[in-house]
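*Asks:* Here you go, one structure.
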Amino acid sequence: MEVVSWIPWSNSEVQTFLCLVGQERIHRDLDGATRNEKTFREISQLLAAHGYQRTSRQCRDKLKKMKSDYRTIKENRKRSGPNSLKHWKWFEQMDAIYGKRPVSIKMESGLDSTTAVLDPMMDNKCFPSCDGFSTTSHKMADSGAAGCGVLVNGSDSKPAAAAMHANDLNLTQCEVYQVVVTPKETTKIENPWRTLTWNPEKRTELMDTIKAYKPTVSSVPQTRVLLIGPVGAGKSSFFNSINSVFRGHVTSQAIAGSSSTSLTTQFRTYSVKAGREGKPLPIILCDTMGLEESKGAGLDVDDISSILEGHMPNRYQFNPSEPLHPDTSGYRKSPDLKEKIHCLSYILDATKVFVMPEKLAEKLKAIRQKANLLGVPQLVVLTKVDDSCPLVKENLTNIYRSVYIKEIMQEASTKLGMPLSCIVPVRNYVEELDLDLNSDVLLLSAVIQMLRFADNYFDEISDQLGNLQNKE
Ligand SMILES: Nc1nc2c(ncn2[C@@H]2O[C@H](COP(=O)(O)OP(=O)(O)OP(=O)(O)O)[C@@H](O)[C@H]2O)c(=O)[nH]1
Ligand SMILES: [Mg+2]
């Protein structure tokens with residue numbers, strides 16, 4: 001039986017809840033959908049990540065109630081003027097979400113919004129604990145000379161204020177500050193923290209570099225990059241996207257789409273051609289079944305070892321209840337170096353990094369250990385950055401200016417125990433028919449990183465071979 005807590009919602013909890021509900025993708029998922037249980041489950045998980053325990057049902061009921069209150073107050077306001085709304089502190093935030101006004105405008109638009117933001121702080125004697133927000137204070141009116149700020153919490157701040165002003169607390173001048181809460185999703189870093197040039201020349205340069213790439217070990221004509229990650233993370237779409245860039249139009253050779261279990265059920269090694277009749281590129285992308293959190297479901301960790309070591313044949317049908325073993329038909333007993341994996345890419349959905357189930361994170365760690373033992377370099381490709389951040393959706397070149405994307409990348413780096421330099425974001429082709437320059441540049445940059453990482457693998461191999469030859 002479901003155990004439900006009936007503790008009333010705190011202000012900071014509602015604040016966090018509204019941040020989540022107001023996120024563009026969640027808002028879109030909820031908007032007009034009749035079956036939105038999955039989205040409420042996600043909201044419940046996100047709340048849990050912020051330390052609030054609410055079931056998906058409680059989230060649904062809360063939103064229903066708040067929407068009904070919002071409609072009633074809005075109607076009242078229409079009838080009796082704006083004063084009727086002053087008692088409901090969430091009006092401005094609800095209006096930003098459901099009144100079709102951007103959040104940032106709402107937050108800066110006047111005293112009511114300031115009150116809405118300050119209320120939870122007053123109640124909790126601290127800033128709201130919603131990690132999705134950054135808080136800044138903006139001076140609204142300046143009396144011209146140095147003076148005192150408004151005491152947000154008079155009694156608590158008195159001793160410090162007295163000490164700062166030599167016990168003279170007579171108010172002679174007043175500066176009023178408005179606390180503006182800007183969702184991190186819309187906060188920009190002034191200078192991009194990674195530099196990338198977004199023009200056709202750069203795209204051509206990246207494509208030429210990939211075409212001209214040659215593994216440093218002569219027995220390996222093509223570098224093999226393995227794509228693994230949770231169900232629906234965008235593994236197949238990543239191959240499709242890279243293939244599209246080199247084909248010159250959007251293609252979808254690998255089956256991609258949404259499903260609760262993995263749509264990809266076979267191990268596939270995909271060559272990418274430079275154009276329809278072109279030569280195969282020096283890279284092979286290996287697509288796999290999605291990882292699932294529960295044991296015995298999705299791609300098996302032992303199967304990953306088999307792939308890394310080159311035992312698994314192309315088109316092998318995954319069987320989560322029975323991993324590949326030496327007696328399985330097609331099993332490669334003594335794979336060559338060219339059949340092994342030279343770089344392992346974890347494909348992670350950026351919208352889910354903060355709510356990654358513990359068991360899945362553990363599985364990824366176990367895989368990482370195996371790959372480390374085999375000396376396979378690893379990196380993370382973060383997909384769906386467009387769905388994660390409105391700034392990025394609006395313009396992909398904001399990718400390294402978005403505070404939120406940086407935080408997701410940092411979280412991915414922590415979760416997998418990898419440096420931030422091993423995390424690259426991409427936006428796959430999913431719905432469009434034509435290529436887009438900025439998407440191409442980001443996708444190609446990810447491939448370049450994969451090739452650089454594979455080079456590390458080949459360097460190690462060359463060193464080992466060199467040592468062996470020296471010994472002989
Ligand atoms: N907005 C957006 N959607 C994406 C992106 N990448 C993938 N998707 C969508 O995510 C869904 C899953 O993509 P797939 O490529 O099938 O994911 P997968 O990892 O291969 O999934 P399985 O094979 O089922 O494990 C599809 O509906 C894609 O359209 C992206 O970068 N942005
Ligand atoms: Mg797939």
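The values are calculated or read from the model by the stated rules, or taken from the named source; none is laboratory data. All of these numbers come straight from a predicted model, not from anything done at the bench. FYI the Cβ positions are ideal-geometry reconstructions off the backbone, even for glycines, and counts take in every protein chain you see. All accessible areas refer to the heavy atoms of the entire protein, side chains included, with ligands and DNA or RNA removed. Shrake-Rupley method; radii C 1.70, N 1.55, O 1.52, S 1.80 Å.
*Asks:* Modelled with pLDDT of 90 or more and away from ligand 1 (no atom under 12 Å from the Cβ) - does that describe any residue in segment 225-235?
*Replies:* Yes, some residue in segment 225-235 is modelled with pLDDT of 90 or more and away from ligand 1 (no atom under 12 Å from the Cβ).
*Asks:* Now a separate question. Which of the residues belonging to segment 331-373 are open to solvent by less than 40 Å² (accessible area, probe 1.4 Å) and part of a loop (DSSP other than H, G, I, E, B)?
*Replies:* PRO335, ILE341, HIS342, MET356, listed by residue number.
*Asks:* Let me ask something additional. Here is a check on your reading of the model: is GLY257 on the phi > 0 side of the Ramachandran plot and either near ligand 1 (Cβ under 10 Å from one of its atoms) or outside any loop (DSSP other than H, G, I, E, B) (or both)?
*Replies:* So GLY257 passes the test.
*Asks:* Sticking with this one: Could you give every pair whose Cβ atoms fall below 8 Å, whose first residue belongs to segment 379-392 and is within 16 Å of ligand 2 (Cβ to nearest atom), and whose second residue is open to solvent by less than 10 Å² (accessible area, probe 1.4 Å) and among the acidic types (Asp, Glu), counting only separations of at least 6 or pairs across chains?
*Replies:* Going by the 8 Å Cβ cut-off, there are no qualifying pairs.
*Asks:* Let me ask something additional. Would you mind stating whether THR204 is away from ligand 2 (no atom under 16 Å from the Cβ), over 27 Å from LYS352 (Cβ atoms) and open to solvent by less than 40 Å² (accessible area, probe 1.4 Å)?
*Replies:* No; evaluated as a whole, the condition is false for this residue.
*Asks:* Moving on. For segment 245-254, which residues satisfy the criterion of being more than 10 Å from ligand 2 (Cβ to nearest atom) and either assigned to a loop (DSSP other than H, G, I, E, B) or of a type outside the set (A, V, I, L, M) (or both)?
*Replies:* PHE246, ARG247, GLY248, HIS249, VAL250, THR251, SER252, GLN253
*Asks:* Still on this structure, I have one more. Only one of these is under 30 Å from PRO357 (Cα atoms) and either within 16 Å of ligand 2 (Cβ to nearest atom) or in the same structural domain as ILE255 (by TED's automatic domain parsing) (or both): PRO230, PRO221, PRO215. Name it.
*Replies:* Just one listed residue meets the conditions, PRO230.
*Asks:* Which of the helices (runs of 4 or more DSSP H) contained wholly in segment 385-472 include at least 3 residues that are surrounded by fewer than 18 Cβ atoms within 10 Å (Cβ to Cβ) and more than 14 Å from ligand 1 (Cβ to nearest atom)?
*Replies:* So the answer is 403-416, 437-471.
*Asks:* While we're here: On the given criteria, is SER294 assigned to a helix (DSSP H, G or I) and more than 16 Å from ligand 2 (Cβ to nearest atom)?
*Replies:* When the stated conditions are applied, SER294 does not pass them.
*Asks:* For LYS340, state whether it is more than 16 Å from ligand 2 (Cβ to nearest atom) and not β-branched (Val, Ile, Thr).
*Replies:* It is true that LYS340 is more than 16 Å from ligand 2 (Cβ to nearest atom) and not β-branched (Val, Ile, Thr).
*Asks:* Continuing with the same structure: Output the qualifying pairs, or none if there are none: Cβ atoms under 7 angstrom, residues six or more apart or on different chains, first residue in segment 237-265 and among the basic types (Lys, Arg), second residue part of a loop (DSSP other than H, G, I, E, B) and more than 8 Å from ligand 2 (Cβ to nearest atom).
*Replies:* Here the result reads ARG247/GLY275; ARG247/ARG276, each pair linking segment 237-265 to a residue that is part of a loop (DSSP other than H, G, I, E, B) and more than 8 Å from ligand 2 (Cβ to nearest atom).
*Asks:* Can you find a residue in segment 105-114 that is at pLDDT 85 or above, in the same structural domain as ARG28 (by TED's automatic domain parsing) and not in a helix (DSSP H, G or I)?
*Replies:* No, segment 105-114 contains no residue that is at pLDDT 85 or above, in the same structural domain as ARG28 (by TED's automatic domain parsing) and not in a helix (DSSP H, G or I).
*Asks:* Ok, one more. Could you list, in sequence order, all residues of segment 19-32 that are out of contact with any helix residue (DSSP H, G or I) (no Cβ under 7 Å at 6 or more places or on another chain) and either at pLDDT 90 or above or of a type in the set (Asp, Glu) (or both)?
*Replies:* ASP31
*Asks:* Something else: Any residue in segment 269-282 that's polar (S, T, N, Q): show its pairings with residues that are exposed (fewer than 12 other Cβ atoms within 10 Å of the Cβ) at Cβ separation under 9 Å, as long as the two are six or more apart or on different chains.
*Replies:* Here the result reads THR269/ARG315, each pair linking segment 269-282 to a residue that is exposed (fewer than 12 other Cβ atoms within 10 Å of the Cβ).
*Asks:* Okay, moving on. Those residues that are under 17 Å from VAL355 (Cα atoms) and in contact (Cβ under 8 Å) with a residue 24 or more places away in the chain, I need them from segment 25-40; list them, please.
*Replies:* Correct list: ARG25 only.
*Asks:* Given the criteria open to solvent by less than 50 Å² (accessible area, probe 1.4 Å) and more than 16 Å from ligand 1 (Cβ to nearest atom), does THR328 qualify?
*Replies:* The answer is yes for THR328.
*Asks:* Which one of LYS100, LYS67, LYS78, LYS86 is at pLDDT 85 or above and surrounded by fewer than 18 Cβ atoms within 10 Å (Cβ to Cβ)?
*Replies:* LYS67
*Asks:* For segment 260-274, enumerate the residues that are more than 6 Å from ligand 1 (Cβ to nearest atom), open to solvent by less than 70 Å² (accessible area, probe 1.4 Å) and of a type in the set (Ser, Thr, Tyr).
*Replies:* Within segment 260-274, THR265, THR269, TYR270, SER271 qualify.
*Asks:* Every residue in segment 33-55 that is in a loop (DSSP other than H, G, I, E, B) and either surrounded by fewer than 18 Cβ atoms within 10 Å (Cβ to Cβ) or modelled with pLDDT under 90 (or both), please.
*Replies:* ALA33, THR34, ARG35, ASN36, HIS50, GLY51, TYR52, GLN53, THR55
*Asks:* Could you go through segment 379-387 and let me know if any residue there is modelled with pLDDT under 95, in contact with a Cys (Cβ under 8 Å, 6 or more places away or on another chain), in the same structural domain as LEU308 (by TED's automatic domain parsing) and of a type outside the set (A, V, I, L, M, F, W, C).
*Replies:* no
*Asks:* Please give the number of the condition GLN317 fails out of (1) within 16 Å of ligand 1 (Cβ to nearest atom); (2) open to solvent by 70 Å² or more (accessible area, probe 1.4 Å); (3) modelled with pLDDT under 90.
*Replies:* It fails just one condition, (3).
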